[in-house]
Structures are given as structure tokens and as C-alpha cells.
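Below: one structure, written as C-alpha cells.
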Amino acid sequence: MHTFVSKINSAATNISMNGNTTYNSSSGSWISGALFLTIMFFALQVKAQDDPRYYRFQFHKYHWKAFYSKKYNLYFPADAADSLSRFLIKETPDAIAAIKKATIKDVPKNLNIIIYPSIDQLYETNIGGFEPSQFTLPTFVYKGTRIVLAYNGSFKNLREQLYESLARAIWESEIKAGAGEDKGSGQTKPTKGKAVSKGSDTIPFWFKEGAIRYFAHGWTIEAEDKLRTSFEQNTFSSWSQVLNYEPRLGGQAFCYFLAQNYYPTAVAQTVFQLKKKKSLTRAIRLITKTNLDSLYTQCFFYYNKRFPKRDSTKVIPKPSISIRHKKGIIQNILLNSNEDLIAYISLADGKRTVYIYDVKNKKTKKITTYKLAPWIDDHSPDQYPLLAWDKGNQLYVTKPRKGKIDIRRYTPDGKMQESTKLYGVDGLTSLQPLSTNEFLLSAYRKGQSDIVSYIDSKEKYTPYTDDEYDDAKPLFTGTKDEVLFVSDRPKEYQERHIFLIGVGYKKDTLWQGIYTKIENILYPFLYL
């Protein structure tokens, strides 16, 4: 794939060079001028497009392998063949069957699944990620549907990405250019800040994303807990407010409400009506015989009843800290050991910005920024930047940079003290600084997540685990001989281990819990 793109770039360069050098006669000059005007015309068209296109590979050269079947084709880096490809080859048929049952539709033909070994490597290319429309150069027209996945250290998350991508592929193939789709990019136009779009043919963003999540995951315990938390932390007075606060989660909850209170296939039937270019308001009314406003009222009452408010008289008020930002969503709050500094991440304008707030002086300092890929709609699988305080009140910020994992150490006033590049890993899920040049890491490489310690001065990794299971959140208990971590591992029946490819989703055979490793012996510390 890398070679193919290089050839496209070379071909485009050769055309330009030949147009300027081959023709030396008067007719040749005329042709050269015409070619120049043509190139300028295409350049102006590219500049005038509202929706920017990005087609690129950077920093990595892949040797790709492929697995072909009747339903789908799987493309993966050769290094990840033993783990990621094996996991997806086993999971994909079950995922296709489950999504087909939920949507009452089969997946599109010529389904191509591409798996990257880390999220930052996925960001480095999006070739073929758009439907053929107004082309920029270089590009190519591809046949079939393209699904792109990225391993972020968790097979459970990879499975969720697979299910959601399949549901999205069916949605796009069903809706296509009808009922509010943007014909140029194939993306649904969101209703900016509006929960209801009466009299409009545009499909609201919350319903599209909510339906895709519902088809992919149903209504999970995690989703229920998130919605409960939203109700407890906010004073919602209508379902429109819930949708405006968390569109994807609110949309998923609304779809669950429809399935529970009307028909199990109500969401799939609504999508079928949207395919026929009906507005959401009309489609909902045809399926439920109730207008959308009434359904909003019913849905709000339904969840209010599920989440009764706690007695505020029993809650002991605690001192609170108010950190104000003009815009952005606060994420990943981390307090230092002295409880006088707060590190946090603010999401706004397609980037995540790291700040440090001084509790005593009540001042906020911007530390660094991490840009998100603009062509990817959902960045929830991306765990970066990672934050960690050391005992000396210095902040470690970890994020990908030019194909490597970069760990930078900052003072509370935002000055960078040191930058460390990690070699030999695809990504990290957690970091604990032990000293200025030693770290306890949950790292992954070649589709395998393990607990390791790393000494920067020696560029030395010492593995604590080395297997196919997801290992995360390591913690030393006092000495370096014993480490605690969270993992999904097989249950033990006497001396026999039951093993299935993939982890964390087969409840009858695999067990999640806290484990401890002492002197190279693994013990189940506490089962959850």
C-alpha cells in the first residue's frame, strides 16, 4: 500500500516535469501553458472545497499481509499476524452475524478491514477513507467498503471498534445520498446543538450515532452507568437537554427506550423509513404512531424513573474548586501528591490541550497540545495524552510524535525539562514514573499488551508479563519484586487452562481481576 501511493506521487510529479521540459516548439509551449492552466484549475478546486481531504503515509513502512474470505478481506501488518489478525479472523464472522440480526440487513459486499497496530499509525493515513466525489491528488477510487481499526492495547476495545464499524458500514450503505446525507463526503450532517429537527429532512447527529452504537452494543451496563451519572450530575428538565449534553449516549438510550417500549425492531424499522427519504419525525411517527415530542416526554419519564434522585440532605458538602474555560470539555483530571496542583486535559477545536492549575495561586498554565485527526469522527479509542505526576511535583505527558512515543517532563510553570523517546513499542496505556529516567509501563507491541519497566539511560525493558492477555494499570506495592495489575485471564479448572483467542468477552471461560506477580510467579490477588 505504501509502494502504491509512492508510485501515484511519482506519476503526478513526472506529468508536471514532462509538461515543462519535453515540448520545446511553439506548439509544445502552448501545450505546456494549457497543462499549467489545467493544474492551476485543479488547485483552485482543491482549495475551494469545504471538506478538506488528507491522503498520506508518514513515518512507517508496512509489510502487509491479507486474509480473504467470502464476506470480507482482512489486511494487517506482518508483525501483528500472530495476535491481531488471529483475533479478528475469529471475531469477524460472529460480529457480522450479530450486526445482521440487529439491523435486519447484511453487511455490504467487498468489505475490506484494515487493522493498524496503534492509534497514531492510523492517524498517519486515511487513503481511501472517503467516497469518490471531488478528488484531490493524489488519490484513487476503491471498490467496496473500507473499515479501519486500530489496536490501543485492549482487545476488548478492538472488538467494540469492529462491531461499531460494521454497524456504521451498514448505515452508510443503506442511507447513502438520501435523507440528509452530505453527498460530497458521505457523512451525515449533524444538527448543531439541536436535539429536534422538525420539518427537516436532515437526520440528527444524535440519532445516527446513537443508532449505530445501539446496533453495535445494545444497551450495556457501562452505558447505563454513564447515563445515570449524567442524571446525577445535572438537573435535566427534558430529553432534549440530555441529547444536547451527550448526543451519542442520549441517542443510544433513546433507541433502547424504543426497543423496550414499542418493538424490538423499532430502530431498524426507523432506519428503513429513513432510507426511503423520510424525515426522522415522520419515520418515528409511522413506526410508533406517536409524534417525536411525545416520545421525548415518555423517554425522559422512563429514565427519570430508573434513576431516582438521591436524598440531598444526607450528602455532606465538600470544598469545591472552580476552573473556568471559555470553551472545551474537561477530561482526565489528575491531582498531585501534595494536592496543590491539578493537571487536566481540555478538548476543543479538534485538539486536546494539557493544563496545570495551581490551587493556591488560582492560576492556570497551558502545557502542550495534542491534535486529533480531523477525518476521524470518534476519538474515544485514542488514550493520549497520558498524564502522570512524580513525587517532585513535575508532570509527565506522553503522546505520539513523528512515529515514536514521546514522554516529556514539565515543571508546574510549563517549562519542559526533558524529552524521552521510546523505541520498540507501538503505544502505552499507562505510565508511572519511578525516577527521572525509569518508568513502570503498560505497553503494547505487535498486538500484545504487557507490563514492563523501562530505564531510559540504558534503553532497557524488563518485562513483568509476556503473553497475549490484556495487562494494564500496573502498580508497585512497595518493592520492585511485586507488581499489581489488572488483566483478563482464563479461569483455572484444576490443572487445565481453558483458552480462547481474544480476551475479556467470554464470560464463561475468562475472568477479569487484579493479579500480582512475585518473583516471576503470577497469583490472582483479588477476583472482581
Checklist entry - Taking the condition of a type outside the set (Asp, Glu) and open to solvent by less than 50 Å² (accessible area, probe 1.4 Å), does Ser453 pass? => result yes
Checklist entry - Within segment 262-284, is there a residue that is under 27 Å from the mean Cα position of the chain (by Cα), among the hydroxyl-bearing types (Ser, Thr, Tyr) and buried (at least 19 other Cβ atoms within 10 Å of the Cβ)? => result yes
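Can you confirm whether Leu347 is part of a strand (DSSP E or B), within 30 Å of the chain's Cα centre (by Cα) and of a type outside the set (Ser, Thr, Tyr)?
Answer is yes for this residue.
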Item to check | In segment 285-296, residue surrounded by the fewest Cβ atoms within 10 Å (Cβ to Cβ) [restricted to those that are without any contact (Cβ under 8 Å) to a residue 12 or more places away in the chain and among the charged types (D, E, K, R)] | outcome: Lys289
Next on the checklist: Among (1) surrounded by fewer than 22 Cβ atoms within 10 Å (Cβ to Cβ); (2) in contact (Cβ under 8 Å) with a residue 24 or more places away in the chain; (3) not aliphatic (A, V, I, L, M), there is one condition Asp471 misses while meeting the rest; what is its number?
Outcome noted: (1)
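From the list Ile115, Ile175, which residue is surrounded by fewer than 21 Cβ atoms within 10 Å (Cβ to Cβ) and either at pLDDT 85 or above or under 27 Å from Gln269 (Cβ atoms) (or both)? Walk me through how you get there before you give the answer.
On the way: Ile115 fails: surrounded by fewer than 21 Cβ atoms within 10 Å (Cβ to Cβ).
None of the others qualify; the one that does is Ile175.
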Next on the checklist: Name the residue that is farthest from Leu431 (Cα to Cα), counting only residues in segment 444-464 that are in contact (Cβ under 8 Å) with a residue 60 or more places away in the chain and among the basic types (Lys, Arg).
Outcome noted: Lys446
Checklist outcome for this item: The condition from (1) at pLDDT 90 or above; (2) part of a loop (DSSP other than H, G, I, E, B); (3) among the β-branched types (Val, Ile, Thr) that Ile127 misses is numbered (1)
Checklist entry - Looking only at segment 213-229, which residues are part of a helix (DSSP H, G or I), surrounded by fewer than 19 Cβ atoms within 10 Å (Cβ to Cβ) and either of a type in the set (Gly, Ala, Ser) or touching a helix residue (DSSP H, G or I) at 6+ places or on another chain (Cβ under 7 Å) (or both)? => result His217, Ala223, Lys226
Item to check | Filter pass, Phe439 being at pLDDT below 85, under 25 Å from Lys399 (Cα atoms) and open to solvent by less than 40 Å² (accessible area, probe 1.4 Å) | outcome: no
Checklist entry - Is it fair to say Val271 is under 24 Å from Glu164 (Cα atoms) and either in contact with a Cys (Cβ under 6 Å, 6 or more places away or on another chain) or without any contact (Cβ under 8 Å) to a residue 12 or more places away in the chain (or both)? => result no
Checklist entry - If you scan segment 236-281, which residues turn out to be part of a loop (DSSP other than H, G, I, E, B) and either of a type outside the set (D, E, K, R) or closer than 14 Å to Gln298 by Cα (or both)? => result Phe236, Ser237, Ser238, Tyr262, Tyr263, Pro264, Thr265, Ser279
Next on the checklist: I want to confirm something. Restricting to segment 365-388 and keeping residues that are open to solvent by 30 Å² or more (accessible area, probe 1.4 Å) and at pLDDT 90 or above, which single residue is farthest from the chain's Cα centre (by Cα)?
Outcome noted: Lys365
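Yes or no: segment 142-165 includes at least one residue that is at pLDDT below 50 and either farther than 20 Å from Lys276 by Cβ or among the β-branched types (Val, Ile, Thr) (or both). Before you say what the answer is, go through the steps one by one.
Here is the first cut: in segment 142-165, the ones at pLDDT below 50 are 142-143.
If we keep only those that are either farther than 20 Å from Lys276 by Cβ or among the β-branched types (Val, Ile, Thr) (or both) too, we end up with 142-143.
So far as segment 142-165 goes, yes, one or more of its residues are at pLDDT below 50 and either farther than 20 Å from Lys276 by Cβ or among the β-branched types (Val, Ile, Thr) (or both).
I'd like the residue in segment 230-256 that is of a type in the set (Phe, Trp, Tyr) and either open to solvent by 10 Å² or more (accessible area, probe 1.4 Å) or farther than 13 Å from Trp206 by Cβ (or both) and, out of all such residues, is nearest to the chain's Cα centre (by Cα).
Within segment 230-256, the match that is nearest to the chain's Cα centre (by Cα) is Tyr245.
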Checklist outcome for this item: Asp406: passes all of (1) under 22 Å from Ala150 (Cα atoms); (2) surrounded by 15 or more Cβ atoms within 10 Å (Cβ to Cβ); (3) in contact (Cβ under 8 Å) with a residue 24 or more places away in the chain but (3)
Next on the checklist: Condition check: of a type outside the set (Asp, Glu), at pLDDT 90 or above and open to solvent by 20 Å² or more (accessible area, probe 1.4 Å). Does Ser430 satisfy that?
Outcome noted: yes
Checklist entry - Exactly one of (1) open to solvent by less than 50 Å² (accessible area, probe 1.4 Å); (2) farther than 22 Å from Asn152 by Cα is unmet by Lys415. Its number? => result (1)
Checklist entry - Any idea which of (1) in contact (Cβ under 8 Å) with a residue 24 or more places away in the chain; (2) farther than 17 Å from Ile330 by Cβ; (3) more than 27 Å from the chain's Cα centre (by Cα) is the one Gln394 doesn't satisfy? => result (1)
Item to check | Hey, Asp106 closer than 17 Å to Trp171 by Cβ and open to solvent by 10 Å² or more (accessible area, probe 1.4 Å) or not | outcome: yes
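The values are calculated or read from the model by the stated rules, or taken from the named source; none is laboratory data. Predicted model only: the values in this text are computed from it and were never measured. All Cβ positions, glycine included, derive from the backbone under ideal geometry; neighbour counts span all protein chains shown. To get the accessible areas, we keep the full protein, side chains included, count just its heavy atoms, and leave off ligands, DNA and RNA. Shrake-Rupley method; radii C 1.70, N 1.55, O 1.52, S 1.80 Å.
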